[in-house]
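To start, the structure under review is shown below, and the notes come after it.
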Amino acid sequence: LIKAEMFGQLTSGLEAAWSKLKGEEALTKENIVEPMRDIRRALLEADVSLPVVRRFVQAVSDRAVGVGLIRGVRPDQQMVKIVHDELVKLMGGEVSELVFAKSGPTVILLAGLQGVGKTTVCAKLANYLKKQCKSCILVAGDVQRPAAIDQLVILGEQVGVPVYTAGTEVKPSEIARQGLEEAKKKNIEVVIMDTAGRLQIDKAMMDELKEVKQVLNPAEVLLVVDAMTGQEAASLVTTFNLEIGITGAILTKLDGDSRGGAALSVKEVSGRPIKLVGRGERIEDLEPFYPDRMAGRILGMGDVLSFVEKAQEVMRQEDAEELQKKIMSAKFDFNDFLKQTRAVARMGSMTRVIGMIPGMGKVTPSQIREAEKSLKEMEAMIEAMTPEEREKPELLAESPERRKRVAQDSGKTEQQVSQLVAQLFQMRVRMKNLMGLMEGGSIPALSN
Ligand code: GDP
């Protein structure tokens, strides 16, 4: 029962979904209804926040219906892979590395409610960075809880890093300033600032944090969140982010019987990634947050995932080889044409994302709309062709009657259909020339 160690309930909840797809031939709108209901229930029971569950289920359904089945892969296995990929996406995709200042000491400001493991994280983080050969200093800014200072001093000794303290009578922002001075004087690379938590979010805490942040100009403001808070976690991150502006979260106590909700919702709800996770009380128990490993753990089906990935790879290769063969023999037809243009269209939507990044907007929205419109028109015309016509475009080239029929059925003009047919033949020639050049030979004579 290894996979029951963490997120056990979520894992078994999802298993119900896979088992309902056993014996199916494909993923269809109808047969995913029940499994999607299982997935939804499992996520809600794991304390994933409702809007996140809704979006997630929608994304998985959209991808599952109409997905091309991979040869040799069963629909239930393919579903595992789709859910996995969407889980990874949900958690931010890539691992989010810590950011270091370009010059001067890097300041990492830690915030969080009382008892979440903030003071422990200070020591864990120092230990973690020390292993990366970075010198650290801990600054004791938790003036609410006198024991916190002693605790930090003891932890600092354990890790072997200096701890800057100024008692509980000094304002945290002043302690921060002094701690930073100390770091500069001693040429220490990273300042880790502990701050006071409260039992609940309150104004005094936020004001204190704002002041400290102002003084420190930190490279990272990390909110320490207890994974057991479940649903709460996501809204906590959101609130702290709105109030003080954070760069990420550290999720602690993932070794407990956390149900997983926090790990799954934080990024989607708050826009801030989980950067590190704590998995125990020992100093060593801190590690980067890897969305793909986390997804893998939740699903507990590593073997299925790698199997599907391999099968996908084989199919991509076969597809590419098939296409090459077709091009070489000038068999490139309207089915391939559609595949190609759709692949380009997918890149088109990426262009749109790139276009939203300031300073990178090269593609205008009207250009994108234009491209999308002409793709839709092309699709309509190709869909109006018979399978035979799609495979043998010559039929259309030779017969004005066929072109007329396609035009009528697709609601386009005959001229548009002629253009599309001409375009396909041009593409054949261009591709063949290109392949000829790539093979190192001269440009081959056209065969028709
Ligand atoms: P603070 O009030 O936020 O500074 O919290 P502390 O650092 O004092 O931690 C509160 C309690 O949680 C302590 O008993 C820690 O040992 C425990 N703790 C912290 N992180 C973890 C963790 O990742 N796993 C477990 N199991 N316990 C933790």
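Applying 0.36 nm per residue to the separation of residue 290 and residue 243 and subtracting their alpha-carbon distance, the gain on full extension is 14.2 nm.
Ranked by the mean number of other Cβ atoms within 10 Å per residue, highest first, peptides 158-165, 106-113, 72-79, 423-430 order as 106-113, 72-79, 158-165, 423-430. Remark: 45, 370 ranked as 370, 45, counting other beta-carbon atoms within 10 Å and listing the fewest first. Put simply, the convex hull of the Cα atoms in the stretch 106-289 casts, on average, a shadow of 9.0 nm². When each of the peptides 194-204, 230-240, 123-133 is scored by the mean number of other C-beta atoms lying within 10 Å of its residues, the order from highest to lowest reads 230-240, 123-133, 194-204.
Taking Cα pairs under 8 Å and at least six residues apart, what relative contact order does the stretch 2-94 come out at, in percent? Once normalised by length, the contact order is 33 percent.
If R₀ is 41 angstrom, what is the calculated FRET efficiency for the pair residue 429 and residue 101, using the beta carbon separation as r and rounding to 0.05? So, using R0 = 41 Å, E works out to roughly 0.15.
Residues in the stretch 221-230 carry Karplus couplings, in order, of 10, 10, 8, 8, 10, 7, 4, 5, 5, x Hz; the curve used is 6.51 cos²θ - 1.76 cosθ + 1.60 with θ = phi - 60°, and Gly or Pro positions show x.
Over the stretch 24-148, the alpha carbon radius of gyration divided by the compact-protein estimate 2.2 N^0.38 Å works out to 1.61.
With each label modelled as a point 7 angstrom along the Cα→C-beta vector, the residue 9-residue 323 pair spans 4.6 nm.
A crude spin-label estimate for the pair residue 30 and residue 380, with each label 7 Å from Cα along the Cβ direction, gives 3.0 nm.
The label-point distance for residue 199 and residue 178, in a model that sets each label 7 Å from Cα toward Cβ, rounds to 3.0 nm.
For residue 187 and residue 315, a Förster radius of 41 Å and the Cβ-Cβ distance give a FRET efficiency of 0.15, rounded to the nearest 0.05. Stretching residue 342 away from residue 131 to a fully extended chain increases their span by 71.2 nm, per 0.36 nm per residue minus the current alpha-carbon distance. Built from the Cα atoms of the chain, the convex hull projects on average onto 27.8 nm², one quarter of its surface area.
For the peptides 144-153, 254-263, residues were scored by their other Cβ atoms within 10 Å and the scores averaged per peptide; the highest-first order is 254-263, 144-153. What share of the DSSP beta bridges in the chain is antiparallel, in percent to the nearest 5? Just about 10 percent of them are antiparallel. For the chain, the mean residue ellipticity at 222 nm estimated from helices alone is -19000 deg cm²/dmol, where every DSSP H run of n ≥ 4 contributes -39500 (n - 2.57) and the total is divided by all residues, rounded to the nearest 500. Note on the stretch 2-94: Cα-only Rg and Dmax are 12.8, 36 Å.
Read-outs: derived from the displayed coordinates by stated rules, not from any lab. Nothing here was measured: the structure is a model prediction, and the numbers come from that model. When we count neighbours, we look across all protein chains shown, and the Cβ atoms used for this are built from the backbone with ideal geometry, even at glycine.
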